[in-house]
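Below is one structure, written out as structure tokens; the observations come after it.
The values are calculated or read from the model by the stated rules, or taken from the named source; none is laboratory data. None of these values were measured; they are calculated from a predicted model. Note: ideal-geometry Cβ built from the backbone for every residue, glycine included; neighbour counts use all protein chains shown. Please note that ligands, DNA and RNA were not included when accessible areas were found on the heavy atoms of the full protein model with its side chains. Shrake-Rupley method; radii C 1.70, N 1.55, O 1.52, S 1.80 Å.
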Amino acid sequence: TVDILKKEFDLLAFSAYIWNIEESLKVASVIKKARPEVKIIFGGPEASYDVKTFLEENDFVDFLLSGEGEESILELIKALQSNGDLDIRGLSYREGDQLTINDEIRLVEDLNIIPSPYKFLLDKYKAKGEDPYLSLKKEFKNRIVYYESSRGCPFNCYFCLSSTIKKTRFFNIGRVKDDLLLLIKAGVGQVKFIDRTFNAKKEIFYDLLNFLIEKDNGNINFHFEIVASLLDYEQIDFLSRARKDLFQFEIGVLSTNEETILSVGRKAEFDKISKVVKKLDEGGNIHQHLDLIAGLPYEGYDRFLKSFDDVYELGAEKIQLGFLKLLKGSPIRDLKDKYGYVFTDYPPYEVISNKFITYKEIIKLKEIEETVEIYLTDSRFKKTLSYAIEKVDRASKFFEEFTKYRVQKGYADNPLSL
């Protein structure tokens with residue numbers, strides 16, 4: 001806050017998500033009190049839904065941009081510079097005590113109008129007379145970079161904000177390749193694609209992964225969220241060409257309970273997912289993360305452990321246990337009364353209980369999740385875990401009992417040496 005105040009900006013814009021909204025509001029509030037003339041803009045998912053309430057509760061916010069803001073923020077800045085018309089799609093604003101509300105969730109139809117930040121950096125270094133790739137290496141070497149090649153999702157998961165956007169849009173594949181080549185040359189350690197479903201279009205999936213195989217420098221890793229049921233054996237055979245650990249796939253299983261999956265707008269395809277995961281595992285070169293979500297409808301504590309057992313049997317390198325978040329604007333939040341959801345009033349709006357699982361059971365699953373995260377993801381325990389789990393028949397039984405032991409001994413509260 002102090003650093004921002006010292007620079008005496010005329011306008012400040014905050015992109016608000018569940019992980020930064022509280023801090024962003026604190027910073028904006030202090031700045032507005034210190035310098036009332038500063039114009040404050042908010043956007044992002046935490047501001048885009050229930051716009052009127054957001055502006056009423058935060059009287060230090062002057063402007064609110066709903067949806068994707070790359071076009072609307074430019075239009076707003078131009079309007080402010082020229083004292084022009086504020087009739088801008090997706091813009092809500094405050095004039096004295098009056099609020100003008102326009103809560104349209106605006107989208108950028110053509111993503112290619114958005115300049116590449118990596119090309120921008122390259123040009124900036126060139127303009128300064130620096131070696132652009134050497135400067136990029138200083139900035140990015142061994143770092144994790146989050147990258148998007150598309151926006152939206154063809155699926156309709158009720159807990160995801162992408163389900164409210166009915167159109168999947170893609171950046172030009174040539175631009176994506178140029179960006180990725182820059183990152184490879186810069187020595188980036190990992191590129192995490194934030195696309196909701198990276199393999200939504202088969203031809204793009206092929207083209208980009210083939211490009212990355214060809215340009216592989218031997219030191220980089222690419223992480224993708226994919227829908228396993230969209231992969232066919234031809235694609236899996238193609239993936240066998242990749243260097244070991246070049247690609248890492250995150251696969252959202254969610255649950256193996258058919259009723260649960262259907263209740264959140266997905267198809268029940270665990271059999272198909274299982275075949276794909278096993279086939280990929282046979283290749284031995286693709287690192288796989290399988291995701292489960294606790295707190296979904298029709299899945300109590302015991303049924304969730306059954307889902308965990310089903311997924312464990314697939315032998316993936318990592319099982320991630322997540323907990324349902326009832327995000328603002330997500331369809332699952334509209335169903336909260338139907339399923340008896342109790343969740344936190346503050347971000348990340350995480351489930352506390354519902355009709356199928358109690359808060360005590362959620363707490364137990366959180367403790368089990370910590371044990372799984374420590375031991376199952378560490379390859380040094382692979383043989384020991386396999387041996388121990390065989391003795392109790394079920395993976396969930398072992399992790400449940402081991403967690404109980406860790407909690408009783410106080411080991412869960414203190415870091416332990418190897």
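Brief remarks on what is shown
- Positions within segment 91-137 being touching a Gly at 6+ places or on another chain (Cβ under 7 Å), assigned to a loop (DSSP other than H, G, I, E, B) and among the charged types (D, E, K, R), in sequence order: Glu104
Residues are listed down the side, and each one gets a yes or a no for (1) touching a residue at least 24 places away in the same chain (Cβ under 8 Å); (2) exposed (fewer than 12 other Cβ atoms within 10 Å of the Cβ); (3) farther than 30 Å from Ala47 by Cβ:
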| position | (1), (2), (3) |
| --- | --- |
| Asn354 | yes, no, no |
| Glu361 | yes, no, yes |
| Lys364 | yes, no, yes |
| Lys391 | no, yes, yes |
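- Filtering Ile41, Ile73, Ile88 for residues that are in a loop (DSSP other than H, G, I, E, B), touching a Leu at 6+ places or on another chain (Cβ under 9 Å) and among the aliphatic types (A, V, I, L, M) leaves a single hit, Ile88.
- Of everything in segment 180-227 that is aliphatic (A, V, I, L, M) and in a loop (DSSP other than H, G, I, E, B), the residue that is nearest to the chain's Cα centre (by Cα) is Ile194.
- Selection within segment 276-307 - open to solvent by 20 Å² or more (accessible area, probe 1.4 Å) and either in contact with a Phe, Trp or Tyr (Cβ under 9 Å, 6 or more places away or on another chain) or in a loop (DSSP other than H, G, I, E, B) (or both): Lys279, Gly284, His287, Ile293, Tyr298, Arg303
- Each residue in segment 258-275 was checked for being open to solvent by less than 40 Å² (accessible area, probe 1.4 Å) and either touching a His at 6+ places or on another chain (Cβ under 6 Å) or part of a helix (DSSP H, G or I) (or both), and 5 pass.
- Set Lys177, Lys128, Lys167: member being under 23 Å from the mean Cα position of the chain (by Cα), surrounded by fewer than 18 Cβ atoms within 10 Å (Cβ to Cβ) and free of Cβ contacts under 8 Å to residues at least 40 places away in the same chain: Lys177
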